[in-house]
């Protein structure tokens, strides 16, 4: 469509033009009402289109027209404005993105397919206007005005310049930022816009963008999926780069929030764009090269990523595992960057569009020459110039296309239909608009025929309303929108794998479905090839994992992922890797050497099987055997003078009690039980009182015997054998009574001592009543002290008549042992407490035995000449005489 030039304007309008200049540069086109300018210059103009209209890349008339906006070129030509003249028309520059060209052609294919359909809009022809936005906001806004106003230079429908939009809906734009800019223009007019590739989560805000729909999932889902993916492979230390645009900034913000929730730390987060100064791109590349994070998450558009990877290839860089967002990680044009081999990321689900490849390849030089856009593509793809086309400037000596060019053999993103992902989103967007128009202009009759009224005046707001309720299936793919205008989020996990031929290909290795429960959304079903063609998952952590038995301690001033591993404290364990805290073992458990599990504490008590227990048992049995042997000797020589002179009845009773004293120590050895705890203390208390009572009785006998030899003394009749027996029984009864009260009121009982040693359990007997325990010991001590005093008083009596000296020394040893026992008992830990008590029992028993009976046995067995009554009486006489 060729536009005629506008008539010259009066010079008096120059001031107004300056004000219009900015609007024209930013928005491109606007309608100027006669009331907005000086009447002297515009009285004859009702409404005029300001600026130079941009012809569409592809267009076709129809009953209802659909607009399309794609970033077919990479850049917009930048012009310095003088603000003294009309701005130059906006122009695209740079190379052509043949993938975006495929998107635009896919829209045309869908429109033609619908026009040939017998069930969707039968009898109705859809038209299209496909524009190139050059991936820039100014041209996108200009196109938005143009789609709303039309291409007619003069527009006159009345005083207010009112008219309906020339399109019913718009497909596009590819990038989020131009899409947002377009929505600001067309949104207030209710023109629906269905994007195939704008993924910014911000576009789901229906308060700001009520007319926006998209067939591609929101980045909110992709950000969550990427964070889940990174956590799945154990990467906690990553780098992040993003496009400095609405797409990159909003997408990265959503990802960083999701990453924080997953416990992932970010070493750096850098932003750039293809329009940034080269120094900025170089700085981002240097940050990536010098970082310690081996994984880099790139939320970057294809155009921006291309610039960054070119800079990364310029200088050698340590291998990095790239994690890509959908925009670039499934772009075939990016596969030429070998440094990204092994990259993974989420892509739109692959699809099949029957007939699309044939449509794309149905190009001949004759068809191409009718379209400047296709001409530029053809000349750039084959490096030649069509005679009827526009020169691409490939060189001074340009090669002329001779007709031998075969697009079937062309290897370019335009012809690659093996990975139709975003292309299918364009296809579905066109069908969604067609279904919305169909629901307005068509009705089904009783005979199952569909009647459509193509003359019906369809307003964009009607299409907007019907789009919200669209729900259909095409080529096996469901199309519908939720309350935010978003589809169900499903992704494929794409891996860049290098084949044996060296070619890098996209390989689907898993899936992510946001409609499933959280634990079922992520699924990997094929082996992944990582950076440097490795099959081992790369490691990217700030600090190595803390093994079980240790806990993480955050390094001061660094992120939570940077930590030191500190061994768990005594009594604590950690049984997981990277534990933040250690767990205290239960009371009867203790950590193993590695401190990763709690094991039962070893139970310790004085056993018959250990060396100390064997030694004490041997001493106890040895002492009992000596006492029994001595009893045998005394019994055999019971008629001898020395036995008769030392009160044989008390001697035999003393030997019996000493035997019990030796044997009672055995009750302290072995695993404590309820009965053994009660028996050991009571048996010890009663047998020792019986023993001390016998010694006390012998001491009294010695004293009374000496007094009986004095003239006129008859004291022995008051301390004969019956009185001696009664004394022993009385003293013993008192101890038995104390023990009985002790056992009845608060008896000893077995306990598990968990405090003496933290790492083991000591089985011991608790005395129950401390008063009872010390009453038993105190009573024994009282008798021993009394016996010692009496023996000391009788120490100078004749040696042959008494054993007072030996009793004195034996009681001295007895008291010394038990006085020493008290501090030793309280200071000895664990089973040594029992050993000290046994040692005191055996030592005091041996002291009594050796001092009271060994001298007599020596005389009986080895000095029988002294074991006569004559010998004893002579010595007595001499002593008395002296």
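FYI, it's all coordinate maths here, none of it is from the lab. Keep in mind it's a predicted model, so treat the numbers as computed, not measured. Note that each Cβ is placed from the backbone with ideal geometry, even for glycine, and that neighbours are counted across all protein chains shown.
Taking other Cβ atoms within 10 Å as a rough exposure proxy, 774, 742, 530 sort from fewest to most as 774, 530, 742. Residue separation of residue 819 and residue 635 scaled by 0.36 nm, minus their Cα-Cα distance, works out to 62.8 nm of gained length.
Contour minus end-to-end for residue 734 and residue 771, with contour as 0.36 nm per residue of separation and end-to-end as the Cα-Cα distance?
11.8 nm
The Cα center of the stretch 445-503 and the Cα center of the stretch 211-273 differ in position by 26 Å. Distance from the Cα centre of the stretch 586-613 to that of the stretch 91-135, in angstrom? Taking the Cα centre of each part, the stretch 586-613 and the stretch 91-135 sit 80 Å apart. Between residue 184 and residue 364, full extension at 0.36 nm per residue minus the direct alpha carbon distance yields a gain of 60.8 nm. For the stretch 598-612, backbone nitrogen atoms closer than 19 Å to the point 7 Å from residue 673 Cα along Cα-to-C-beta are found at 603-610.
Packing order of peptides 725-735, 54-64, highest average first: 54-64, 725-735 (average count of other Cβ atoms within 10 Å over each peptide's residues). Derived from the Cα gyration tensor, the three semi-axes of the equivalent ellipsoid of the chain are 115, 26, 24 Å, largest first. Against the chain, whose longest principal axis is taken from its Cα atoms, helix 422-441 shows a tilt of about 60°.
Figure legend: label point modelled 7 angstrom from the Cα of residue 789 along Cα→Cβ; residues of the stretch 731-775 with amide N under 20 Å from it are 731-732, 734-735, 775.
So if I take the centroid of the Cα atoms in the stretch 728-789 and the same for the stretch 343-385, what is the distance between those two points in Å? About 103 Å separates the Cα centre of the stretch 728-789 from the one of the stretch 343-385. When you count the other C-beta atoms within 10 angstrom of each residue and take the mean per peptide, 277-289, 199-211, 182-194 line up highest first as 182-194, 199-211, 277-289. Exposure proxy ranking for 299, 809, 377, 826, based on other Cβ atoms within 10 angstrom of each Cβ and starting from the fewest, stands as 826, 809, 377, 299.
Taking the helices alone, the chain has a mean residue ellipticity at 222 nm of -14000 deg cm²/dmol, built from -39,500 (n - 2.57) per DSSP H run of at least 4 residues and averaged over all its residues. Inter-label distance, residue 741 to residue 560: 6.5 nm, where each label sits 7 Å from its Cα along the C-beta direction.
Here the stretch 218-237 is scanned for amide nitrogen atoms under 17 Å from the site 7 Å beyond the Cα of residue 261 along Cα-to-Cβ, giving 218-232. Going by neighbour counts of Cβ atoms within 10 Å, the residues 423, 755 line up, fewest first, as 755, 423. Percent relative contact order of the chain, based on C-alpha pairs within less than 8 angstrom and at least six residues apart? About 9 percent, as a whole number. Under the simplified labelling scheme, the residue 752-residue 592 pair shows an inter-label distance of 2.0 nm, with each label point 7 Å from Cα along Cα→Cβ. What FRET efficiency comes out for residue 268 versus residue 544 if R0 is 25 angstrom and r is the Cβ-Cβ distance? Round to the nearest 0.05. Working from the Cβ atoms, E equals 0.75.
Counting only C-alpha contacts under 8 Å and six or more residues apart, can you give the relative contact order of the stretch 550-600 as a whole percent?
Across the stretch 550-600, relative contact order equals 32 percent.
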